[in-house]
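This report refers to the structure that appears directly beneath it.
FYI, it's all coordinate maths here, none of it is from the lab. Please read all numbers here as calculations on a predicted model, not as lab measurements. We place every Cβ from the backbone using ideal geometry, glycine too, and count neighbours over all the protein chains shown.
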Amino acid sequence: MPIRFACFIGFLLITMSSCYKAKQTTLSVQVRTNSGEAVIGASVTVKGVPPENLDGNALLIDYEEATNGNGIAFFNLEDIYKPGQSGAAIVEVKVQKSGLTAEEIVDLVEEIENRVDLVLQ
């Protein structure tokens, strides 16, 4: 009887540990004017910093999106984060529209919705 119980507990532990599903790693960039109005159609770029990792290999983080009707650009970063990895990446976020710009360096955290608020100036 104790052997069956031990086997059952072992099976249960293995099954439960293999069911872990990584949450999405995303980035939302909110773009506003100095007066707080959402900026529609601003160009938002996200690039890896530095552009190379310690191995000398280029980082493949290079995204571009336009802000939506709420002034938000959304990026799904699942392809740069792998489960078990510590941290996702450090990226430079740049926004521009009509000659106005804003930028910020962001340390992305894995498996959450990362958020950045930028004001065009």
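Data for the structure
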| read-out | value |
| --- | --- |
| Under 5 Å, built H, 5+ apart or other chain: amide partners of ALA89 | LEU108 |
| Under 16 Å from LYS97, Cα to Cα: aspartates and glutamates that are on another chain or at least 8 residues apart | GLU37, GLU64, GLU65, ASP117 |
| Partner aspartates and glutamates for LYS23 [C-alpha distance under 15 Å; skip if fewer than 8 residues away on the same chain] | GLU78, ASP79, GLU110, GLU111, GLU113 |
| Total formal charge among the other residues, if their Cβ is under 15 angstrom from that of ARG32, Lys/Arg +1 and Asp/Glu -1 | -2 |
